[in-house]
Every structure is written in C-alpha cells, then in structure tokens.
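For reference, the structure is listed below as structure tokens.
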Amino acid sequence: MCSFKKILKSQFATRIASFLCYWYVRFVALTTRWEKRDINVFYDNLAKHKAVIFVAWHGRIAFAPYFWNRSAKLSALVSPHRDGQLIAGLLRRFGIANISGSTNDHPRAAAVKLLRELKNDASIAIIPDGPRGPSMTMSMSPIYYAKTTGKPIIGMTYSIAKSKVLGSSWDNMLLPPPFQKGIVAVTKPFFIPKNTPKEKLDDYRAQIEEELNRLTWQLDEELKLPKVEKGTLPRKLRK
C-alpha cells in the first residue's frame, strides 16, 4: 500500500511539474523576440515528404514544441522514466502524441509504433541523446528509421540570450528568462539511402551529430552564452 501511495504521489508531482513547465515555456516563448532561421526548410520537407524524423538534444527540447505546426501529426518517443514523463506531459499540452520507450525500455514495441507512424506519413520526434546520454551525442535510432522509410532527419535547436545553463544537470538544460532575444534554427535534411551498408551508417550518425552541435554552439556564441560541451559519460536513471 505504501508503495502504491508513493507511485501516486510521484505521478501527481510529475503532472504538476509538467503543467508548470508548459506555462513557463509558453510565457517565455511568447515574450521572446525570435529570429527564425531556415524554418521554411523544415516545413517544406514536411510538405514534400509528408513526414519527417525530428531530432533535438535533451537540453534543447523544451521550446521546440512551440514551433511545431499542429496541423501535422507528430508522435514523440519518450522515456518511461521520471524525466521522460515530465517531457511527455509538456509535449501533450502542445498537441504532440507520446510513444513510451527507449533503447533500454520496450525498444521493440516502440520501434514498431514509430515505423508505423512514418509509413502512415505521420512525423516522429526523437531525443537522440536521451534518456541515458551522453549529452549531445547522437544515437543510431534516427538513422535506422530514416534508412527504413526514406524520410528525412531534420534537427532543431535554439538559444535565448541571458539564459542560465544548468551545469549541474546531465544535459546542460537551458533555463531562459522572458523578454529576451532568441534564435531558433534547423539543420538541412539528412537522407539515408536504403542500400547504405551497415558499416557506413555511423558516418551519417556522426555527420548529423556534428551539424546539430555546430548549430547549437553557433547560436549560443551569437547570444553570448558559454559553450556547452558534449557529455562524456552516460547518466544514471531514476525510476
């Protein structure tokens, strides 16, 4: 019984936290003077290919849903762990569906659902350095889905002036204040040919990782934020 009560309290706390996060993100996003770079590349590819594989680093995911076109369906892969459920609650409030799973928890079931979404011309979102890290390090999962379906991978990142970088967090989460300048940008689309040999797939993975990191560092430098380094170690997860 005590364990059940503890679970209920944990779920309630997560719901409250995601509610507060949502309104914080909305308030800051609405009061930020945004400069949007290459966003049309994202929407053009979405229109042309019907669906995309959207990727963003764990530390730069909070404000990404604000720019999603709600007229298009998007399902996000989220970890069943505590921080993943916090993100899931935030995404739901922005009209983004959740698929629970990761490379460590229910990977096969999640993979089947994600592939089904893409084959039905519905976009998917993956946080490719979560939930275990290291931060800003691309996993192979987006490469697999792109190779299987032919859909493009497009990365998004952002930066906001005078933000605090939470160096104590594993992902160096950005905590921005309202009424500042912000820049949101996307990478070029990356296509993985279906006939790509297995030994060449990591080249694509590294290329996307490098481009998304380069773009993130560029935006931070323009807005005079300290450079956030890539993580070097995986993190310990809390149930």
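Could you compute the FRET efficiency for residue 109 and residue 221, with r as their C-beta to C-beta distance and R0 at 30 Å, rounded to 0.05?
0.15
Sorted from fewest to most neighbouring beta carbons within 10 Å, what does the list 25, 112, 184 look like?
Ascending Cβ contact count within 10 Å gives the list 112, 25, 184.
Taking each pair of different alpha-carbon atoms in region 2-222 once, compute 1/r for the pair, average those values, and report the inverse of that mean as the Kirkwood hydrodynamic radius in Å to one decimal.
About 17.8 Å, per the Kirkwood formula over Cα pairs.
Take the chain, connect every pair of alpha-carbon atoms lying under 10 Å apart with a spring to form a Gaussian network, then pick out the residue of 198, 73, 181 with the largest mean-square fluctuation.
Among 198, 73, 181, the largest GNM mean-square fluctuation belongs to 198.
From the mean inverse distance of alpha carbon pairs (Kirkwood) and the Cα radius of gyration, derive Rg over Rh for region 36-123.
0.96
Can you find, among 141, 95, 183, the residue farthest towards the positive end of the dipole of region 2-222? Put +1 on the C-beta of Lys and Arg, -1 on that of Asp and Glu.
Looking along the dipole axis, the top candidate is 95.
Please pull out the direction-averaged projected area of region 100-239, using the convex hull of its alpha-carbon atoms, in nm² to one decimal place.
9.6 nm²
Listed here are the pairs 36/162; 73/200; 164/230; 36/181; 36/224; 73/151; which of them are more than 21 Å apart at the Cα?
Over 21 Å Cα-Cα: 73/200.
Starting from the Cα-Cα distance between residue 198 and residue 70, subtract it from 0.36 nm times their residue separation and give me the gain in nm to one decimal.
Stretched fully, the residue 198-residue 70 segment lengthens by 42.6 nm.
Values in this text are rule-based calculations from the coordinates and carry no lab data. For clarity, every value in this text was computed on a predicted model and none was experimentally measured. Every residue, glycine among them, receives a Cβ derived from its backbone with ideal geometry; neighbour counts consider all protein chains shown.
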